[in-house]
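*Asks:* This is the structure I have questions about; it appears just below.
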Amino acid sequence: MEYTAFRELHCEAYSRYIQARVRDAELSKAIAATAFATLAAIWPSVISSSRPEAVAWAVLGGLVDSTLHGVHSCTDFEEDEVYRELPAAQADVVVLRCRMALTAGQTAHVMGLEEPTVAVRLRSAGRSLPPRLAAPVERCIRQGA
């Protein structure tokens, strides 16, 4: 797959995910631009990996996490409760499946995972979250959103 095709395929989902995590339109655009610039710079190693989407997702997640860490140290920005309660891998599935309403297949593709892994992470998240945060996840699981 060519880089341009990869970018076109993933740009919307990545942008929506970043916005959901960062909740600042301008900062979200900057993170997306940096993520795609980074991927372009390392594209030969991304595309030669067994799971290019997983490599790209790791780059994106790292940029979002480091940006949020920097924002937290400079302001009173409050981290999303789901990310305070869950490992990032589970929290990402909650955001993509339940908040962004991606299917299990779409979520798996964006993150570079297998669909059963997405299902396991979502169910684990539902069991691990406190009741007020778990209820929307349980609805998402039941609805197959």
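*Asks:* What pairs come out if I take residues in segment 11-32 that are aromatic (Phe, Trp, Tyr) and pair them with residues that are outside any helix (DSSP H, G or I) whose C-beta lies under 7 Å away, six or more apart or interchain?
*Replies:* Once the first residue is aromatic (Phe, Trp, Tyr) and sits in segment 11-32, its partners that are outside any helix (DSSP H, G or I) give TYR17/MET100.
*Asks:* Can you spot a residue in segment 59-68 that is farther than 18 Å from ARG23 by Cα, at pLDDT below 95 and not basic (Lys, Arg)?
*Replies:* No, segment 59-68 has no match at all.
*Asks:* If you scan segment 89-117, which residues turn out to be of a type in the set (S, T, N, Q) and either open to solvent by less than 20 Å² (accessible area, probe 1.4 Å) or touching a Leu at 6+ places or on another chain (Cβ under 9 Å) (or both)? Reasoning before the result, please.
*Replies:* So the first thing to find is which residues in segment 89-117 are of a type in the set (S, T, N, Q), and the list is 90, 103, 106-107, 117.
Residues satisfying the conditions are GLN90, GLN106, THR107.
*Asks:* Still on this structure: Against the condition of a type in the set (A, V, I, L, M) and over 21 Å from LEU133 (Cα atoms), how does LEU102 come out, does it pass?
*Replies:* In short, no.
*Asks:* Can LEU39 be described as crowded, with 20+ Cβ neighbours inside 10 Å and assigned to a loop (DSSP other than H, G, I, E, B)?
*Replies:* It is false that LEU39 is crowded, with 20+ Cβ neighbours inside 10 Å and assigned to a loop (DSSP other than H, G, I, E, B).
*Asks:* Is it true that some residue in segment 74-81 is exposed (fewer than 12 other Cβ atoms within 10 Å of the Cβ), in a helix (DSSP H, G or I), under 17 Å from the mean Cα position of the chain (by Cα) and at pLDDT below 95?
*Replies:* The answer is no, given that none of the residues of segment 74-81 is exposed (fewer than 12 other Cβ atoms within 10 Å of the Cβ), in a helix (DSSP H, G or I), under 17 Å from the mean Cα position of the chain (by Cα) and at pLDDT below 95.
*Asks:* Another one. Between GLU53, GLU12, which is open to solvent by 50 Å² or more (accessible area, probe 1.4 Å) and part of a helix (DSSP H, G or I)?
*Replies:* GLU12
*Asks:* For segment 60-72, name all the residues that are in contact with a helix residue (DSSP H, G or I) (Cβ under 8 Å, 6 or more places away or on another chain) and farther than 13 Å from VAL110 by Cβ.
*Replies:* LEU63, VAL64, ASP65, THR67, LEU68, VAL71
*Asks:* Here are some residues: ALA58, ALA30. Which one is open to solvent by 30 Å² or more (accessible area, probe 1.4 Å) and more than 25 Å from SER128 (Cβ to Cβ)?
*Replies:* ALA30
*Asks:* Identify the residue in segment 118-145 that is hydrophobic (A, V, I, L, M, F, W, C) and part of a loop (DSSP other than H, G, I, E, B) and, among all such residues, is most open to solvent (accessible area, probe 1.4 Å).
*Replies:* The extreme case among them is ALA145.
The values are calculated or read from the model by the stated rules, or taken from the named source; none is laboratory data. Fair warning: this is a prediction, and the values are worked out from it, not measured in the lab. Virtual Cβ from ideal backbone geometry, glycine too; neighbours counted across all protein chains shown. The area values use the complete protein model at the heavy-atom level, side chains included, leaving out ligands, DNA and RNA. Shrake-Rupley method; radii C 1.70, N 1.55, O 1.52, S 1.80 Å.
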